[in-house]
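The values are calculated or read from the model by the stated rules, or taken from the named source; none is laboratory data. Predicted model, so just to flag it, every value in this text is computed and none were measured. Cβ coordinates were reconstructed from backbone atoms using ideal geometry, including for glycine residues, and neighbour counts include every protein chain displayed.
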Amino acid sequence: MNTTTDNSMRANIFAAGAVLWRPVGGTDDIEIAVVHRPRYDDWSMPKGKLDPGETAVAAAVREIEEETGFASTLGRYLGKVTYPVVGHRKLKRVDYWSARCGDGRFVPNHEVDELRWLRPRDAFAQLSYPMDCTVLRRFLAQPADTDTVLIVRHAKAGSRKKYRGDDADRPLDPKGREQADALVAQLGAFGADTVVSADRVRCIRTVEPFAQSRGITVDVDPALSEEAFAADPDRTRARILEIAKADGTPAVSSQGKVIPDLIRWWADRDGVRLPAARNRKASMWVLSLRDGRLVAADHIDSPLPASRP
């Protein structure tokens with residue numbers, strides 16, 4: 001099975017998966033989950049097609065659990081592969097993430113009848129397809145065990161010009177509330193367990209549904225607002241680094257005139273190349289750090305399912 005980058009063909013089948021890994025002992029050694037699919041008699045990494053109305057992030061977590069029996073926490077985005085599928089005129093696209101293994105137990109099922117935990121060198125030899133080896137190499141290009149920081153731009157909140165009250169109190173509009181609800185699953189997929197927000201109602205409301213779903217509070221911090229950043233960018237930068245050093249996986253809600261400059265500064269400081277990003281409302285950066293240093297930055301354009309052809 002060969003990957004392709006033929007721009008004359010557009011994917012019409014969409015799937016998601018992951019390199020599911022677990023630590024071995026107290027070292028940096030890891031094992032990779034490789035699954036056997038009896039229908040195809042092949043060995044691959046956990047993956048599967050998106051359900052209608054499902055995002056790739058949600059599909060990756062679901063497919064991991066359905067095929068392996070294990071819960072997981074997503075980390076770095078490992079890119080996509082596309083390939084022609086027999087019987088289809090277009091392409092199948094699979095988006096992959098790194099995923100740390102959580103609780104669970106493998107039970108053979110109709111999709112997967114065997115799971116093997118292998119060291120990376122042995123996983124390369126076991127995998128049936130070159131594209132899976134490509135994804136595994138992307139995974140191994142950075143440390144497996146990283147810390148995650150999630151930075152979210154607030155969801156849609158109508159027009160600043162049309163809002164008659166104090167702009168700090170401008171609430172989310174109906175689309176924004178839909179985006180905030182969708183962020184519950186997305187933030188959860190990456191293991192968020194603390195929430196910090198700029199002191200703007202629209203920022204707080206963007207992450208409030210997630211906080212409520214986990215029974216935690218939103219820590220409101222004025223240093224994350226546009227006004228604070230414009231007045232003293234070093235203070236905002238210092239604050240985000242402080243948040244990143246704390247235990248857990250923080251979800252940080254801020255504004256459009258803060259996030260792009262903040263991410264660019266951080267990436268420049270640590271030598272990370274950023275992907276293209278449109279900085280849309282409710283978009284999210286997934287930042288991966290090792291020993292306090294940024295090693296990868298991934299961008300998710302929307303928490304809502306994409307419209308498909």
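For region 127-154, the set of residues classified as aliphatic (A, V, I, L, M), outside any helix (DSSP H, G or I), farther than 24 Å from Val218 by Cα and touching a strand residue (DSSP E or B) at 6+ places or on another chain (Cβ under 7 Å) consists of Leu127, Ala144, listed by residue number.
Contact map, region 281-301: first residue without any contact (Cβ under 8 Å) to a residue 60 or more places away in the chain, second residue among the hydroxyl-bearing types (Ser, Thr, Tyr), Cβ cut-off under 9 Å, separation 6 or more or different chains; pairs are Leu294/Ser288; Ala297/Ser288; His299/Tyr77; His299/Ser283; Asp301/Ser283. Whenever a residue of region 168-188 is within 15 Å of Val152 (Cβ to Cβ) and without any contact (Cβ under 8 Å) to a residue 60 or more places away in the chain, its partners that are of a type in the set (S, T, N, Q) and assigned to a helix (DSSP H, G or I), lying with C-beta atoms within less than 6 angstrom and at least six residues away or across chains, give the pairs Val184/Ser213. Among the residues in region 111-123, are any in a loop (DSSP other than H, G, I, E, B), out of contact with any strand residue (DSSP E or B) (no Cβ under 9 Å at 6 or more places or on another chain) and not assigned by TED's automatic domain parsing to the domain that holds Val295? The answer is no; no qualifying residue exists.
Go through region 64-104 and give me each residue that's outside any strand (DSSP E or B) and either touching a helix residue (DSSP H, G or I) at 6+ places or on another chain (Cβ under 9 Å) or of a type in the set (S, T, N, Q) (or both). Result: Thr68, single match. The residue of region 192-207 that is surrounded by the most Cβ atoms within 10 Å (Cβ to Cβ), among those that are part of a helix (DSSP H, G or I) and under 19 Å from the mean Cα position of the chain (by Cα), is Thr206. Exactly one residue out of Gly256, Gly248 is within 21 Å of the chain's Cα centre (by Cα) and at positive phi: that is Gly248. Of Arg119, Arg100, Arg177, Arg138, all but one fail to be charged (D, E, K, R) and crowded, with 20+ Cβ neighbours inside 10 Å; the exception is Arg100.
Residues are listed down the side, and each one gets a yes or a no for (1) within 21 Å of Ala144 (Cβ to Cβ); (2) not assigned by TED's automatic domain parsing to the domain that holds Ala198:
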residue	(1), (2)
Thr236	no, no
Lys245	yes, no
Asp261	no, no
Trp266	no, no
Gly271	yes, no
Pro275	yes, no
Leu289	yes, no
Arg293	yes, no
Ala306	no, yes
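If you check Arg170, Arg214, Arg200, Arg237, which single one turns out to be under 23 Å from Ala58 (Cα atoms) and of a type outside the set (A, V, I, L, M, F, W, C)? None of the other options fit; the residue is Arg214. If the condition is being modelled with pLDDT of 95 or more and of a type in the set (Lys, Arg), then region 152-207 contributes Arg153, Lys156, Arg170, Lys175, Arg177, Arg200, Arg202, Arg205. Of all the criteria given as (1) modelled with pLDDT under 95; (2) assigned to a helix (DSSP H, G or I), the one not satisfied by Tyr40 is (2). If only residues of region 141-154 that are surrounded by fewer than 19 Cβ atoms within 10 Å (Cβ to Cβ) and touching an Asp or Glu at 6+ places or on another chain (Cβ under 9 Å) are counted, the one that is nearest to Ile204 (Cα to Cα) is Asp145.
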